[in-house]
Structure formats: structure tokens, C-alpha cells
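The values are calculated or read from the model by the stated rules, or taken from the named source; none is laboratory data. In this text, all values refer to a predicted model and were calculated from it rather than measured experimentally. Heads up, the Cβs are rebuilt from the backbone with ideal geometry, glycines too, and the neighbour counts pull from every protein chain shown. These accessible areas exclude ligands, DNA and RNA; they are computed on the full protein's heavy atoms, side chains included. Shrake-Rupley method; radii C 1.70, N 1.55, O 1.52, S 1.80 Å.
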Amino acid sequence: MGERIEIDKPLIGPDLGPAHSARSGLGEASSPPPGEYSPLERDDRARIREIWRIIRKRMLLIAVVVVIATTVVTIEIYRTKSLYQATAVIEIGRDNATLVRTGEVVIQSDDSNDYFLTSKTLIIKSTPLLEDVAAKLALEKNPRFFDVAGRKSYWDALGTVFSRLYQMVQKDQPQVLQAPAHLPPVAGTGGELARTPAEQARLAPYVGVLQGNLAVQQIEFSRDLSISFTHTEPAVTAAVANAVADAFILRNYRNKTERFTSASGWLDRTTRELKAKVEHAQQTLTDYCREHDIFTTEAKETLTSEKLSRLHEQVLGAETQRILKQSLYDEVRQGHVAQLPESFADARTSTLQTKLEELSTESAQLAAKFGPENPRIIELKEQIAALLQQIESNRATLEGKLKADYERAAREESALKAAFERSKTEAVEQNQATIQYNILKQDIETTNALYVDFLNKTNQANIEVAQQSNNVRLIQPATLPGGPISPNRPRIIFIGFLVSLVAGLGLAFAIEYVDNTLKSVDDVNHAANLPVLGVVPRMASIDSGLISAVKKRMPKGVATGRPSQEAGEVDPHRVMIADPHSRIGEAYRVLRTSLLLSAGSGGRRTILFTSGQPGDGKTTTVINTAVALSQLDASVLIIDGDMRKPKDHKAFGVEAVPGLSNYLSGDVEIGTLVRELEVPNLSLLPSGPIPPNPAELLTSRKMKDLLDQLAQQYDHILIDSPPVMGATDPVILSTMVNGVVLVVHAGKTTREVVRRAKHEIVSVGGRFLGVVLNNLDISRDSRDSYYSNRYYYSYGEK
């Protein structure tokens, strides 16, 4: 049987003898010339090649991870709506200095500190001001105003992505908000617009969006403020920024002139009334003098005249009080509550009257613009009606109070007049004309003094209003933004691509790390410490030329022995018969060469083919190797030693019975059991019927004698045995043969299975010739293109 060698020693390097030269091309690169690379450099290059092999092998996985992750990131980032920002800049000038004298100290107001601008910033973002903006822009009519944090649908996002990919021109954003770039200035109304709680609640959502997306910042080293608004609609950003700026400018001016315009209006009305009274008193005095022929009043007055004069003064005083109170009562009764002086006016009624005027003005404006049926006009009319009811209630209360005062003053006046009449009756004969003259003259002087005083105050108030100026102005209005400020889609997509690429590489290396299968010659060497006799590539990894060639060269009418095989399907057991010059055929010839060289000078060989587990391709390897050996004009016998699941007879279309089990269990001549096959120099000893005790039959002396007998008749005997992990048959047969070949399925057989199979064979003294790496995907699993280019370069065209 030949000389055994120590199989615990690695069959690599110089110990391989002549077989090494034949097997050196199976995956081990030749050593570089001395001094070209140091050992460390060779290790680094090997690691780099290994990394590149893993990347090539898992290229599809990496690409899928990158494509899916990048696509998801792209769709998600395009679902996020673009945000636009428009900015308006206002300048807050220094206000007129106010001087206050306290004794000998003069205090001057100053608005140059930072707190002043901070206060203005808070005013800009205040709720009342933003309510004015929401009402002026009619934001409740803009359904897309609340789309600040919204997201697009997946279909919209995909449409946007495809439009970018095909460089389609996108449509402009619709101008959903029709608003002027600047709100027109509104004349002061004497006070701010007071809103009802219901209206404030209605505007609260819009105010919340405005406050959340409005930014007010002081420009460094200046008294300028930038007002920026961010939204998904460009038109909204510009309109809101300008509206906020205009509303702040208007409110600032109103606050400065409010106290002056209110006093000026009341003083002007009162002055005009006093002027009319003065003119009337002068006309009355002139008529009286003409009717009574009065030219002088310098005659002495008697005691009665003095008494009458004093009573007259008292009557005038009472009459003045009565007239004043009657005037107030008449004003209230006629509904002129707003014209009352501050000392007599009701503050609440004034406020309600102011609000009524503002609502009336707004109602008139809206009616002229939208018509009387507009919901807002109807709402304003309801508010006006409510205000009128409140004003009427307050007016009635005030009217009652003033009426009581008037009646009391009238009673006092009547009492004084009665006394005066009694005294006048006594002095009717005395100086009646003079007295009446003096009365009228005094009336003129009193009324004229009041008129002059009110006229001076009115002029002073008008001067104060004229001196007021708005110290806030718009220096840079907001314009439609040219592009979005966020998100930065190209950057995020690129980051997503890099992250997904790193994740794909990490996943590939993680799978490779946990993948315990043998995928290359290096894996076999490291796991089994055995030489690789041959590498059989996967048929799917070779070009379609081989498959078509095999189909053409399949002998017509030859049964494949596989009933389930479809018509035209290539039988891997018959590759060496159908096309021995194909790439797979060349792989089996390389295996044949390795086996012949490993025989040394012993000549005939009895070789056992086994595998670690079912499905590794040992039967295919045995048949094609036997065909390759028979092509050298050597007699070759295939023994189907797998008496559990025999398959060799099916590949050649012969019967399995009788066979090896018949010989071992009975008295049958071996010559009657061997089948001569259609392939020249090739014979088959089938397994025979499946026995209940195949291991006992193989351990018999008769099996060993049979192998010795057949070794005298055939040049090569190849035994197909069951997998090592499934039965003890290959372990038994390994002690009867010259060598054992272990078939490993690339990408399927694990390291543990190979180590276990090797241990089982070695433990009983079996000798391993090497390993056949079967079904290797040379397009993916090889570290480089070494195998395909080294073994099969001359058959690339075929």
C-alpha cells in the first residue's frame, strides 16, 4: 500500500516533495525574490488582499446597504420641507431728550443703554403687536400657514428626487399670501386696539406660529434691529417680516402721540363752544344797551344796588354751575359722552367709545372692500352693537348722576333768583338798566377769560403733537428669499452615503467574521493544515460557453441516471465525459496530476474519497477524477463504498444490484459484479442492495482482501464513501487504502466539520493526501483572479 507519512505535520513547503510543484499553483503564490519584500510587508500585503477579497465577495451586500440607506435618507430629507427666511432691518434713532428740573438739579432722560433696545425687542415679539399682524395679513385665510413643521408625502418626496435626478425645472412656489410689502400708515386713534377674549383666542394659534418662527436681533455696533421670519412659503416670510416692522413703527408713533392727541381733541371742541358763548354774550350786551339807551354806568350805587349786585353775583355763580351741569347733562343725554372734560368724563365710557370708533372704521373699510355680507363685517357689527349697549348703559348711569347734579344746581339757582327778584323788586326803580348792563358785561368777561385760557391750552397741545416725531424707520424691507436656508440636502445625503458605506463595510466584515465556512485555499490550509490538491470552480461562476458546450457534447440517448433532471440540464457528474477541455475539465485534470504526483514511485494507488458532510460533491469528484485518470490509458475502477445512499450507478445509468454488498455478504465472484462502462478504461463496482449493517461488512477481512485483489487488476481504484460525520464507514476504509482525499464544499463546509473529519481519519492511522476545494465561486470567493487565470487561461475562448 505504500509508505505512510506523518499526517500531523503540515503537508506544505519543501516536505511536499514533487507533489508540491504540481500543487503550488492551487492557491499559494510563489515566493518573491529574496530582498524584494520583508516578512512584515508581505503580511501587510496579504491583509490588504484579504480585505479586498472580502469587499469583492460582499460587494452586492455593501451595494444593497448603501443604496437602501442612501435612498431612505434621500427620501426622508426630501420629505422635510424647505425653510425660507426673509429679513427686514429697522433703525431706532435716539428719542428727543426730556429735561426734568428738580430744585437746582436738571435730569435728562437717556435711551442709549442696551436695556432700551432689549425692551423694543420684547415689544416686537409681544402678543398684541403680533395679533395686529395676524389680523392685517388675514392669516386665517391662508390654509398653508401652519405648514411650518409639516412633511411631504412619500410620493411627493420621490417626485422631487426624480425631478432633481433628471434636472427638471421645478415650478415656483405659489404665492399663497397676497399682502402688500408694507402696511400703509394708519392715523392715530388715540389708543391701541383692544380685542375681546374671543378674538384673542381665535388669533392665538397664529400668534404662536409667529412667535415661534420670528427672530429679532440687534445688529452689532449699531442701533438697528433685524426682524427675520422663517417659513416654508417664501411669500409668507417676506410679508410677515415687513408687516411686523410696519406694525412696530406704527405702534411706536401711536404710543408717543397718544396723550397729546387725546387732550388736544377735547380742548379744541371745548374752545369752539366757549368762543360761541363769548360771541353770543357780546351780542346780548349790545342789544340790551341799544334797547335801554345805556351809555354809561358810572353813577353811584345805593345800598340796595350793592345788595342787588351781591345777589346777582351769587345768582351768576349758581347759574354758572347750573349751566355747566346742564351742559354736561345735555351732552350725556345727547350721547356726546366723549366730549366731556376729563374731570367729569367716565374713563370706561371713553375707552368703550374709542373702541367703538375703531371698530366702526374697520367695519367701514371692510364693507367697502368685501361687502356687507363678509363674516368679519357681521362679527364687527355684533361687537359694535355690544359696545353701543355698554355705552348706553354707562351713559344712562352718568346721565342720572348729572341730572341729579343739574336739578340740585337748578334748585339752588331758583332759590337765589327768588331772593334776587325780591331784592330787585325793591330796587327796581334803582339802576335797573345799569345792573343789567353790568351783568351782561360780567358774563362777557367770564366767558371770554375761559375762552382765552382754553385757546392757549389748545395751541400748546397742538405744538406738542407737532413736536413729536417717529424715531423708528425701516431701512431695509424684506424681499422674497432666493433659496431655502435649510435643510442642506446634498451634505446630508453625502453624509448618509458615507455612513451607509461604513455600515455596509462593517456588516460585510461582521458577516465574514461570523461565517465559519471555508471559502479559499488559505482557509483550508489554516483549518485543516492539509495541502489543496485541486480547486473545482462552480459551474455558475464560469461563462455560458461551458454549459452550451456540455449540452452539445452530451451523447444522445445516454441516460443521466437522474429522473428529476430537466431536459438539457448539465449533469455535473459527466462534465469530463461531455467536455473534457472545459474549465471544469481542466480543474479535474489538475486534480488528476496532483494525485499522480502524490503517488511517488509506488505506482498503483487505492484512494478513498470522503467528505465532512453530505452534499459536498464527493461523488461528482470521484466520477470526474476517475474519467480524467482513464483518459491516460490507465485502468480505473470506481467502488461505490457508500452502502447507505449510493449514487455512482445513477451517473452512468447502470443498476446498483448486484454489487459490493452482495460480495461481502455472500459467495459471489467479483468479476460478475464489476460493470464495464461506456468510458474506455473505466469500470464500476456498484454498492449493491443497501445492507442493514454496512459498517460490519466493511470491517471484514473479505473487504481488505478484495482491495488487494483489485489493486492487482487496476491501475487506480477510487472509493466513494459516506461522509465522515454521518457514518464510521470512511474511518474504517481509511485504514485499507493508500490515501484519503477530503472533498470540501466552498462556502458550505465549516472549519469544525473539516477538523472533526481530519481527526476521525488520523486517529485510526489514515493517511491524508490532501483536500479538494469543490464548487468554488472564482468570480467572488477567490482572493484575486489567480485561480481562473492560472488554471484556465488557455481555455478562456472555449
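Things worth noting here:
- Qualifying residue in the stretch 627-642 (condition: assigned to a loop (DSSP other than H, G, I, E, B), under 20 Å from Val536 (Cα atoms) and open to solvent by less than 10 Å² (accessible area, probe 1.4 Å)): no
- When Phe497 is tested against (1) part of a helix (DSSP H, G or I); (2) of a type outside the set (Gly, Ala, Ser); (3) open to solvent by less than 70 Å² (accessible area, probe 1.4 Å); (4) in contact with a Ser or Thr (Cβ under 8 Å, 6 or more places away or on another chain), just one condition goes unmet, and that condition is (3).
- Any hit, the stretch 567-575, residues being at pLDDT 55 or above, open to solvent by 20 Å² or more (accessible area, probe 1.4 Å) and either over 60 Å from the mean Cα position of the chain (by Cα) or under 18 Å from Leu684 (Cβ atoms) (or both): yes
- Candidate set from the stretch 362-396 (those that are surrounded by 14 or more Cβ atoms within 10 Å (Cβ to Cβ) and polar (S, T, N, Q)); member that is farthest from Gln334 (Cα to Cα): Asn374
- Every test in (1) modelled with pLDDT of 70 or more; (2) under 26 Å from Glu760 (Cβ atoms); (3) open to solvent by less than 30 Å² (accessible area, probe 1.4 Å) is passed by Ala587 save one, and that test is (2).
- Across the stretch 595-619, the number of residues qualifying as assigned to a helix (DSSP H, G or I) and surrounded by fewer than 22 Cβ atoms within 10 Å (Cβ to Cβ) comes to 2.
- Residue satisfying all of: in the stretch 102-143; touching a helix residue (DSSP H, G or I) at 6+ places or on another chain (Cβ under 8 Å) and under 30 Å from Glu76 (Cβ atoms); modelled with the lowest pLDDT among these: Asn142
- In the stretch 49-78, the residues that are under 14 Å from Ser500 (Cβ atoms) and loosely packed, with under 13 Cβ neighbours inside 10 Å: Ala63, Ile68, Val72
- Close pairs from the stretch 376-399: first under 10 Å from Leu359 (Cα atoms) and at pLDDT 80 or above, partner of a type in the set (Lys, Arg) and surrounded by 15 or more Cβ atoms within 10 Å (Cβ to Cβ), Cβ under 7 Å, at least 6 apart: Leu387/Lys355
- Set side by side, the residues Val654, Val627 differ, and just one is of a type outside the set (D, E, K, R) and at pLDDT 90 or above, which is Val627.
- The residue that is nearest to Lys81 (Cα to Cα), counting only those in the stretch 474-486 that are touching a helix residue (DSSP H, G or I) at 6+ places or on another chain (Cβ under 6 Å), assigned to a loop (DSSP other than H, G, I, E, B) and open to solvent by less than 70 Å² (accessible area, probe 1.4 Å), is Pro481.
- Just one of (1) modelled with pLDDT under 80; (2) assigned to a helix (DSSP H, G or I); (3) aliphatic (A, V, I, L, M) fails for Val428. It is (2).
- Among the helices (runs of 4 or more DSSP H) confined to the stretch 644-754, the ones with at least 1 residues that are buried (at least 23 other Cβ atoms within 10 Å of the Cβ) and in contact with a strand residue (DSSP E or B) (Cβ under 9 Å, 6 or more places away or on another chain) are located at 648-652, 660-665, 729-733.
- Qualifying residues in the stretch 206-259 (those that are assigned to a helix (DSSP H, G or I) and among the hydroxyl-bearing types (Ser, Thr, Tyr)) - the one nearest to the chain's Cα centre (by Cα): Thr237
- Residue within the stretch 31-47 that is among the aliphatic types (A, V, I, L, M) and either open to solvent by less than 70 Å² (accessible area, probe 1.4 Å) or at pLDDT 80 or above (or both) present: yes
To keep it simple, each residue is scored yes or no on (1) modelled with pLDDT under 80; (2) in a helix (DSSP H, G or I); (3) touching a Leu at 6+ places or on another chain (Cβ under 6 Å).
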| site | (1), (2), (3) |
| --- | --- |
| Leu308 | yes, yes, no |
| Gly317 | no, yes, no |
| Pro341 | yes, no, no |
| Leu359 | no, yes, yes |
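- Residue match in the stretch 83-101 (condition: at pLDDT below 85, open to solvent by 40 Å² or more (accessible area, probe 1.4 Å) and small (Gly, Ala, Ser)): yes
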